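S.K.: What follows is a structure written as structure tokens; I'll ask about it next.
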Amino acid sequence: MKEYPLNISAEVEYARRWAFSRNPSFYDFNDLGGDCTNFVSQCIYAGGAVMNYTRDVGWYYISLNDRAAAWTGVEYFYRFITTNRGVGPFGEEVDISKAAVGDVIQLGSSAGFYHSLLVTSLCGEPCVAAHSFDAFDRPLSSYSFEKLRCIHITGARKCCSQ
């Protein structure tokens, strides 16, 4: 398996292009609980991550009815990224002070984590892009939340033949 860095500039440009609209290649999940993690996954994919088509535990999107829970679900995304040892993006939870452009921040409450954001710049603090509450380069401090976690996306892996 070959590890490689993602193209962070491509992620941010994708976020800029689609933050306030929807890419018709992907279903808009706003009416099914929110589009935030779907949008973050699209950004990471635009940065060069290959999909992991492992049924039930992978990270992929083919259609509304053929996708991995990790592509659209906050907790599933976290679990996939932080435990992935195979194909696709991988990373680790880091302190918010170590947030970098291209990382993912998830907001939560006592009930659990509920919102995913892509770090698009560091403007004295992390500034983010998101769907569900559409935003681009919005300061993290403008959000209301009880807790957060930062997922540093280290890179991605692909099979040697990809």
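S.K.: Filter the stretch 41-61 for residues that are hydroxyl-bearing (Ser, Thr, Tyr) and buried (at least 20 other Cβ atoms within 10 Å of the Cβ); which is nearest to Glu11 (Cα to Cα)?
M.R.: The qualifying residue nearest to Glu11 (Cα to Cα) is Tyr45.
S.K.: Those residues that are aromatic (Phe, Trp, Tyr) and under 11 Å from the mean Cα position of the chain (by Cα), I need them from the stretch 26-51; list them, please.
M.R.: Phe39, Tyr45
S.K.: Another one. Test Phe90 against the criterion of being within 28 Å of Met1 (Cα to Cα), of a type outside the set (Asp, Glu) and in contact with a helix residue (DSSP H, G or I) (Cβ under 7 Å, 6 or more places away or on another chain), and give yes or no.
M.R.: The answer is yes for Phe90.
S.K.: Now a separate question. Going through the stretch 1-46 one residue at a time, which ones are among the charged types (D, E, K, R) and closer than 11 Å to His131 by Cα?
M.R.: Residues satisfying the conditions are Arg22, Asp28, Asp35.
S.K.: Let me ask another. Run down Leu107, Leu64, Leu140, Leu118 and say which single residue is open to solvent by 50 Å² or more (accessible area, probe 1.4 Å) and either polar (S, T, N, Q) or in contact (Cβ under 8 Å) with a residue 12 or more places away in the chain (or both).
M.R.: The conditions single out Leu64.
S.K.: Which one of these is open to solvent by 10 Å² or more (accessible area, probe 1.4 Å) and part of a helix (DSSP H, G or I): Asn38, Asn30?
M.R.: Asn30
S.K.: Oh, and also: What's the number of the condition Cys123 fails, among (1) of a type outside the set (Asp, Glu); (2) touching an Asp or Glu at 6+ places or on another chain (Cβ under 9 Å); (3) at pLDDT 95 or above; (4) loosely packed, with under 13 Cβ neighbours inside 10 Å?
M.R.: (3)
S.K.: Does the stretch 80-92 include one or more residues that are open to solvent by 20 Å² or more (accessible area, probe 1.4 Å), farther than 20 Å from Gly48 by Cβ, at pLDDT 95 or above and not hydroxyl-bearing (Ser, Thr, Tyr)?
M.R.: no
S.K.: Only one of Glu3, Glu11 is buried (at least 17 other Cβ atoms within 10 Å of the Cβ) and of a type in the set (Asp, Glu); which?
M.R.: Within the list Glu3, Glu11, the selection yields Glu11.
S.K.: Please work out which one of (1) closer than 29 Å to Lys2 by Cα; (2) in contact with a strand residue (DSSP E or B) (Cβ under 7 Å, 6 or more places away or on another chain); (3) open to solvent by 10 Å² or more (accessible area, probe 1.4 Å) is the condition Glu146 fails and give its number.
M.R.: With respect to (1) closer than 29 Å to Lys2 by Cα; (2) in contact with a strand residue (DSSP E or B) (Cβ under 7 Å, 6 or more places away or on another chain); (3) open to solvent by 10 Å² or more (accessible area, probe 1.4 Å), Glu146 is out only on (1).
The values are calculated or read from the model by the stated rules, or taken from the named source; none is laboratory data. This one's a predicted model, so the numbers in the text were calculated from it and none came from an experiment. Here Cβ is always computed from backbone atoms with ideal geometry, including for glycine, and neighbour counts include all displayed protein chains. The protein model used for the area step is the full one, side chains on, heavy atoms only, and it has no ligands, DNA or RNA in it. Shrake-Rupley method; radii C 1.70, N 1.55, O 1.52, S 1.80 Å.
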